[in-house]
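I have placed the structure first, in the form of structure tokens, so that the comments after it can refer back to it.
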Amino acid sequence: MNVFVNFLFVIVKNNIALLYGTVGEIVTEKSGSLNLGVEGTMAIGAIGGVLIGCKSGSLLVGILASFFFAALCGLFFAFMTVTLQANQNVTGLTITTFGLGMYYFIGNAFKNAGKWPTNNVVDSLNGMKPIEIPLLSKIPVIGKAFFSQNIFVYLGIIIAVVIWWYLKYTKPGLRIRAIGENPASADAVGVNITLYKYVHLMLGSGIMGIGGLLMALTLSGSFEGSKCWIDGFGWISIALVIFANWNTLLAIIGTLVFGLFNTLKVYGSTLADFYPKVFGWLNKIPPQFMQALPFIITAVVLVVSSISKRKTDEPAAIGRNYYREER
């Protein structure tokens with residue numbers, strides 16, 4: 001696998017977690033809720049998935065565990081914002097703070113006790129082994145980069161496609177979109193606002209949690225006491241929702257675009273050394289700027305979307321709690 005093909009391969013492998021975070025947040029926002037707790041939710045999913053997955057020795061159990069624990073974050077968010085009518089922004093930030101805090105607390109406790117899963121144990125889950133798709137994996141360049149990936153890549157794309165179909169063509173999907181646009185009208189025709197919000201907030205958070213587990217496995221299950229596995233992916237996912245125009249299919253493309261900039265910060269110098277005529281200019285860019293590049297792009301997307309006049313699919317009632325008495 002030459003350097004450029006490996007660069008494309010790493011873009012997909014190391015950044016597909018963005019797709020999980022983005023799709024999960026799209027489901028959440030389509031219900032009319034703005035959850036800023038993506039980072040913390042992914043962290044909870046990572047810890048729960050790794051610990052239980054390694055304990056059981058089953059990747060499937062690890063995936064289900066990451067979904068379950070992250071869904072509990074969604075349940076908390078739903079209880080606070082739907083039942084208690086708490087501020088959505090504050091609740092989301094609380095989840096992020098709590099999730100990262102629990103990540104460090106639990107991780108350090110296991111590490112200090114000498115019981116943290118070793119790389120060999122995590123590798124035994126076989127989550128990162130490439131699965132070659134017949135015929136497609138033989139295509140020059142893109143075959144190795146896109147069709148010889150691990151199970152999480154294919155699962156993430158399948159989830160994105162299924163969620164797109166669900167929101168666009170199924171009755172529950174149309175109802176949740178109606179709630180996100182005008183909850184009063186949906187309530188007037190008999191839609192159970194509370195039930196639909198609870199279910200979809202938990203579903204969206206659960207999907208985010210699987211992305212957290214993927215981040216853990218991507219980093220070989222290592223635990224750094226000063227740095228979280230999620231590494232800002234939760235915040236980038238929120239910006240990706242806007243970039244993808246609340247469309248899970250466009251989120252796949254957005255993941256590759258953001259993944260490109262995210263991978264350049266670690267692969268830029270290698271490309272410059274092997275292809276100096278094409279990528280030599282990358283060596284002239286300060287490494288600090290390359291490290292900040294993904295977040296700079298995130299900020300640019302937010303600014304452009306704010307001043308842009310183009311029509312978007314942003315739910316009209318996003319971020320606003322629904323009070324039935326005001327209907």
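Among the residues of region 269-295, those identified as in contact with a Leu (Cβ under 7 Å, 6 or more places away or on another chain) and in contact (Cβ under 8 Å) with a residue 24 or more places away in the chain are Leu271, Met290, Leu293. Take region 271-303 and flag every residue that is over 27 Å from the mean Cα position of the chain (by Cα) and of a type outside the set (A, V, I, L, M, F, W, C). Once the filter is applied, which keeps residues that are over 27 Å from the mean Cα position of the chain (by Cα) and of a type outside the set (A, V, I, L, M, F, W, C), region 271-303 yields Asp273, Tyr275, Pro276, Lys277, Gly280, Asn283, Lys284, Pro286.
Filtered by the rule that a residue be of a type in the set (Ser, Thr, Tyr) and in a helix (DSSP H, G or I), region 233-278 gives Ser237, Thr248, Thr255, Thr263, Tyr267, Ser269, Thr270.
Whether a residue is more than 29 Å from Gly62 (Cα to Cα) and either in a helix (DSSP H, G or I) or touching a residue at least 12 places away in the same chain (Cβ under 8 Å) (or both) was assessed, and Ala178 passes this test. Of the candidates Thr94, Thr83, the single residue that is farther than 18 Å from Gly211 by Cα and touching a residue at least 60 places away in the same chain (Cβ under 8 Å) is Thr83.
Tell me, which residue of region 126-140 that is closer than 23 Å to Ser58 by Cβ and not in a strand (DSSP E or B) is modelled with the highest pLDDT? For region 126-140, the residue satisfying everything is Pro130.
Cβ-Cβ distances below 6 Å connect the following pairs, each with a first residue in region 127-152 that is surrounded by fewer than 19 Cβ atoms within 10 Å (Cβ to Cβ), a second residue that is among the aromatic types (Phe, Trp, Tyr), and a separation of six or more residues or different chains: Ile133/Phe147; Leu136/Phe147; Ser137/Phe147. Scanning region 1-41 for residues that are of a type in the set (A, V, I, L, M, F, W, C), surrounded by 24 or more Cβ atoms within 10 Å (Cβ to Cβ) and closer than 23 Å to Arg177 by Cα yields Leu18, Leu19, Val23, Ile26, Val27, Val38. Considering (1) under 25 Å from the mean Cα position of the chain (by Cα); (2) surrounded by 13 or more Cβ atoms within 10 Å (Cβ to Cβ); (3) at pLDDT below 95, the lone condition that Lys111 does not fulfil carries the number (1).
Report yes if Phe243 is closer than 23 Å to Asn89 by Cα, modelled with pLDDT of 85 or more and not polar (S, T, N, Q), otherwise no. Break it down stepwise before answering.
On the way: closer than 23 Å to Asn89 by Cα: yes; modelled with pLDDT of 85 or more: yes; not polar (S, T, N, Q): yes.
Criteria met by Phe243.
Taking the conditions exactly as written (within 20 Å of Phe68 (Cα to Cα) and either modelled with pLDDT under 90 or surrounded by 20 or more Cβ atoms within 10 Å (Cβ to Cβ) (or both)), does Tyr103 satisfy them or not? Against the criterion (within 20 Å of Phe68 (Cα to Cα) and either modelled with pLDDT under 90 or surrounded by 20 or more Cβ atoms within 10 Å (Cβ to Cβ) (or both)), Tyr103 qualifies.
Total residues in region 80-101 satisfying the condition of being in a helix (DSSP H, G or I) and farther than 19 Å from Gly45 by Cα: the figure is 7. Looking across region 279-294 at every residue that is out of contact with any Ser or Thr (no Cβ under 9 Å at 6 or more places or on another chain), part of a helix (DSSP H, G or I) and of a type in the set (A, V, I, L, M), the one that is surrounded by the fewest Cβ atoms within 10 Å (Cβ to Cβ) is identified as Ala292.
Every test in (1) farther than 14 Å from Ala71 by Cβ; (2) at pLDDT 95 or above; (3) in a helix (DSSP H, G or I) is passed by Leu34 save one, and that test is (3). All conditions in (1) under 24 Å from Asn321 (Cα atoms); (2) out of contact with any helix residue (DSSP H, G or I) (no Cβ under 6 Å at 6 or more places or on another chain) hold for Leu201, with the sole exception of (2). Output the residues belonging to region 186-218 that are in a helix (DSSP H, G or I) and surrounded by fewer than 24 Cβ atoms within 10 Å (Cβ to Cβ). Residues satisfying the conditions are Ala186, Asp187, Ala188, Ile193, Thr194, Leu195, Tyr196, Tyr198, Val199, Met202, Leu203, Thr218.
Considering (1) surrounded by fewer than 14 Cβ atoms within 10 Å (Cβ to Cβ); (2) over 30 Å from Asn6 (Cβ atoms), the lone condition that Pro183 does not fulfil carries the number (1).
The values are calculated or read from the model by the stated rules, or taken from the named source; none is laboratory data. Keep in mind that this is a model prediction, so the values were computed, not measured. Heads up, the Cβs are rebuilt from the backbone with ideal geometry, glycines too, and the neighbour counts pull from every protein chain shown.
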